[in-house]
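Engineer: Below is a structure I'd like to ask you about.
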Amino acid sequence: MKRDRYRALAARARSWLRQALPALLLCATAAHTAAAPLDAEFAAGLKDEGLTGAVWSEVLPDGTVKVGASGLRDAARHMPMQADTRVQVGSVGKVALALGVLRLVSEDKLTLDTPLQQVLPELALKNPWQASDPVRIRHLLAHTSGLDNVRFWQAFSLNPAPDAPLAAAFDGDRNLLRVRARPGSRYAYSNMGYGLLGMVIEKVAGQPYERYLDAQLLLPLGMADSTFAYVTQMSTQMSTQAGAHADPRLAMGHFEHGVAQPAVAQYLRPAAQFTTTAADMAKLAQFLMGDGKLQGKRFIDLALMGALSEPADTDAAQAGLATGHGLALAVRDRHNVVGACHPGTAVGFRAMLCLYPEQDSAFFVAFNTDAEQADYERFNRLLLRDLELPLRAPAPRGTPAPTVENWQGVYVPSPSPMASMAWVDAVFGFTRLKWDGESLFLIPFQGEPKELEPVGGLLFRASDRSTPSHVLMQEDGKHVLSDGLRSYERASMLRMLVLWGSLALGVAGLLYVLVVGVWRAALRSLERGDHLFAPLLAMLALLLPLPFFYFQSYLRLGDVTIASVLLALATGALPLATAFGLARCWRSRGTAAEAGSWAKWDWVALLAALQLLLVLAWWGLLPLRVWQL
């Protein structure tokens with residue numbers, strides 16, 4: 001009875017919200033006129049969030065461009081951020097690179113359906129679907145190739161030179177380019193895919209991709225302050241090599257508390273290396289919202305321009321979900337406004353580009369601070385409000401399919417963003433799906449639960465979205481949940497219980513070794529012949545790499561260093577030491593000296609710990625060689 005009463009109250013509240021929402025939205029729009037100036041709100045926001053500085057631009061419906069700046073471009077030297085300060089935008093540069101590829105397509109030098117291996121036959125691509133579904137250029141652009149996102153050594157390394165061959169990002173691992181989902185079927189963000197697109201441009205254009213894009217894309221677009229080339233800051237820390245690429249107009253990157261971080265060269269530079277200004281990004285936004293012509297002449301085919309943010313080929317799109325990623329941008333539904341956006345993160349920078357073609361409006365914003373706890377969405381809200389975009393009422397509730405309850409269960413990411421971390425994603429990244437007869441509930445292990453309201457059939461809308469945000473599908477007999485940018489497959493409950501049980505037993509065993517071993521050592525009863533002596537020693541050895549990691553740059557996380565080698569040795573020794581302790585238990589079983597002792601508990605604990613360590617080794621996580629992850 002209580003449950004029925006709560007449902008009735010919830011339904012009444014939803015009905016009231018639907019009736020009141022237009023008035024509330026009107027009030028919100030009217031309140032804009034009384035809001036503080038945008039510059040002042042940005043300055044206050046930077047202070048509140050602990051950010052160093054920001055630049056932004058807005059494209060208005062009449063073609064006017066507004067550019068602004070706030071804060072500092074270099075915290076150490078107290079240099080103010082200016083409207084023409086150059087910034088680095090990370091993955092936002094993928095939008096421009098995608099346009100470069102579409103320019104080649106428009107010039108008939110390439111097609112969207114050209115197989116990747118036709119252009120780059122030397123690639124060691126492992127595609128189980130090669131005969132029917134080869135990886136094509138369109139898949140790389142739309143992140144539907146099924147390739148991994150990135151490896152640690154590709155993203156966190158100080159080894160690459162600014163002019164290193166792009167092929168260097170794909171050397172040394174036979175499974176690096178393994179396709180893990182049928183090309184075209186599912187979105188899976190891939191920096192590797194855009195690294196390969198850089199190689200495609202070089203092969204087709206016959207010159208470095210940076211030189212080609214700067215001359216054949218940025219120059220015609222009038223983006224004179226932008227470049228794909230390597231640029232770094234003027235800094236006393238920079239090397240002679242970096243000095244040749246230093247630009248005094250480039251803002252310094254920062255982390256929390258104003259810690260400065262100059263730019264570094266990257267292996268996958270086509271995926272994240274782009275330097276620009278707020279004004280230049282406004283020019284890019286204006287072109288992206290246009291018809292693909294420059295000075296009345298075709299530059300990008302109109303059909304390609306229409307596909308920039310329209311997901312068309314994935315299973316989720318074919319099932320009716322309109323959110324997802326097109327050839328360059330992703331649909332973004334936030335704050336009752338739907339647009340086409342792309343975020344970006346570079347060393348010490350965060351950025352966002354959003355387009356609203358129906359209103360001929362757009363905004364770009366970049367911060368020269370990459371801080372984990374900062375609320376960057378706060379500034380997106382300010383820019384949306386300043387653009388005075390019309391707000392959209394939520395999609396109405398619809399009748400769900402009668403089979404919805406069949407999708408209940410535990411779901412794991414599929415594919416995982418990184419194949420090497422699949423165990424971590426399965427054990428800690430799972431989510432539960434529950435149907436209560438009226439709404440679908442997403443209950444992730446990490447994060448806040450979400451209520452999904454049915455909008456008809458197998459489509460659902462999250463409470464903080466305006467349009468359908470999730471879809472349920474059945475593929476090859478598997479139950480799948482997708483939001484257009486992430487896909488989850490329902491996992492066998494038995495399999496999940498085995499994984500969780502393995503983790504629980506293993507952690508309990510390792511804790512036993514640590515606590516009891518230290519206790520015995522404190523009582524001076526821990527001798528070399530003790531069952532726990534070698535395992536405890538191996539666990540304590542895990543502390544050895546910590547000071548070396550503390551004093552090395554996090555940008556060397558994927559390099560072979562003293563810290564990473566010590567970590568590999570310590571994690572490789574742990575299962576061996578545990579097996580050695582277990583063998584000692586076996587040899588000493590049943591002896592009078594062990595009667596009534598802790599021997600049986602040592603045996604159980606070591607066995608529990610060893611099974612987890614073997615599972616981690618099976619999944620490729622032990623020994624932990626971060627330079628291969």
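Engineer: For the chain, which longest stretch is free of loop sites, where a loop site is one of the GluC sites (Glu not before Pro) that DSSP puts outside H, G, I, E and B and that has at most 16 other Cβ atoms within 10 Å?
Structural biologist: Values: sites that count: GLU107, GLU122, GLU372, GLU388, GLU438, GLU527.
Within the chain, the longest run free of exposed GluC sites (Glu not before Pro) spans 123-371.
Engineer: For segment 388-417, list residues with backbone N below 13 Å from a point placed 7 Å from the Cα of TRP500 toward its Cβ?
Structural biologist: So the set is 409-412.
Engineer: Now, a different point. Given labels modelled 7 Å from the Cα in the Cβ direction, how far is it in nm from GLN318 to LYS434?
Structural biologist: Taking the simple label geometry, GLN318 and LYS434 are separated by 3.4 nm.
Engineer: Please grab the % of Cα pairs in segment 42-387 that end up more than 37 Å from each other. Can you show the working numbers first?
Structural biologist: Numbers: 8520 of 59685 pairs.
Cα-Cα pairs in segment 42-387 separated by more than 37 Å: 14 percent.
Engineer: What order, most packed first, do the peptides 555-561, 61-67 have when packing is the mean number of other Cβ atoms within 10 Å of each residue?
Structural biologist: Details: 555-561: 18.4, 61-67: 12.0.
Peptide ranking by packing, descending: 555-561, 61-67.
Engineer: Can I ask one more? Tabulate in residue order the Karplus-calculated ³J(HN,Hα) for segment 121-128, using 6.51 cos²θ - 1.76 cosθ + 1.60 with θ = phi - 60°, rounded to whole Hz; enter x for Gly and Pro.
Structural biologist: Those phi angles translate into x, 6, 5, 8, 7, 10, 10, x Hz.
Engineer: Now a separate question. What are the ³J(HN,Hα) couplings of segment 467-478, residue after residue, when phi is run through the Karplus curve with 6.51, -1.76, 1.60 and θ = phi - 60°? Round to Hz, x for glycine and proline.
Structural biologist: So the Karplus estimates, Gly and Pro as x, are 10, x, 10, 9, 9, 9, 9, 10, 10, 6, x, 9 Hz.
Engineer: Full-extension gain between LYS600 and SER492, please, as 0.36 nm times their residue separation minus the C-alpha to C-alpha distance. Numbers along the way, then the final one.
Structural biologist: On the way: separation 108, 0.36 × 108 = 38.88 nm, distance 3.33 nm.
Going from the current span to full extension adds 35.5 nm.
Engineer: In what order do CYS585, CYS341 fall by count of nearby beta-carbon atoms within 10 Å, going from fewest to most? Please list the in-between numbers first.
Structural biologist: Details: CYS585 19, CYS341 22.
Neighbour counts put them in this order, fewest first: CYS585, CYS341.
Engineer: Suppose every Lys and Arg Cβ carries +1 and every Asp and Glu Cβ carries -1, with no other charges. What dipole size does segment 42-387 come out with about its Cα centre, to the nearest 20 debye? If you can, show how the numbers build up before the last one.
Structural biologist: On the way: 31 positive and 35 negative charges, 68 e Å.
Result for segment 42-387 is approximately 320 debye, rounded to the nearest 20.
Engineer: Here is a further query. Would you work out which of GLN359, VAL231, PRO262 lies farthest towards the positive end of the dipole of the chain, given +1 charges on the beta-carbon of Lys and Arg and -1 on that of Asp and Glu, about the Cα centre?
Structural biologist: The listed residue farthest towards the positive side: PRO262.
Engineer: May I ask which residue of PRO134, ALA508, LEU51 lies farthest towards the positive end of the charge dipole of the chain, with charges of +1 (Lys, Arg) and -1 (Asp, Glu) on Cβ and the Cα centre as origin?
Structural biologist: Working it through, the farthest residue towards the positive pole turns out to be ALA508.
Engineer: Further question on the same structure: Go through LYS203/LYS293; LYS94/LYS293; LYS66/LYS94; LYS109/LYS293 and tell me which ones have a Cα-Cα distance over 22 Å in this structure.
Structural biologist: LYS203/LYS293; LYS66/LYS94
Engineer: If you take Cα Rg over 2.2 N^0.38 Å from the coordinates, which of (1) 1.03; (2) 1.07; (3) 1.22 do you get?
Structural biologist: Recomputing Cα Rg over 2.2 N^0.38 Å here gives the entry labelled (2).
Engineer: Now for a separate question. How much of the DSSP beta bridge set in the chain is antiparallel, as a percent to the nearest 5?
Structural biologist: On the way: 71 of 76 bridges.
Antiparallel bridges: around 95 percent, rounded to the nearest 5.
Engineer: Okay, next question. Using Cα pairs closer than 8 Å and at least 6 residues apart in sequence, work out the relative contact order for segment 42-387, in percent.
Structural biologist: Numbers: 725 pairs, mean separation 91.6, N = 346.
In percent, rounded to a whole number, it is 26.
Engineer: Something else: For segment 157-303, what's the radius of gyration and Dmax over Cα atoms, in angstrom?
Structural biologist: Final numbers for Rg and Dmax: 17.6, 49 Å.
Engineer: Considering every pair of different Cα atoms, what Kirkwood radius, in Å, is found for segment 43-97?
Structural biologist: Numbers: mean 1/r = 0.0783 Å⁻¹.
Hydrodynamic radius (Kirkwood, Cα only) of segment 43-97 equals 12.8 Å.
Engineer: Just how large is the dipole of the chain about the Cα centre, in debye to the nearest 20, putting +1 at every Lys and Arg Cβ and -1 at every Asp and Glu Cβ?
Structural biologist: Here the chain has a charge dipole of around 1520 debye.
Here, each number is a calculation from the coordinates, and none is a lab measurement. Model, not experiment: these values are computed from the prediction. Methodologically, a virtual Cβ is constructed for each residue, glycine included, from the backbone with ideal geometry; neighbour enumeration extends over all protein chains shown.
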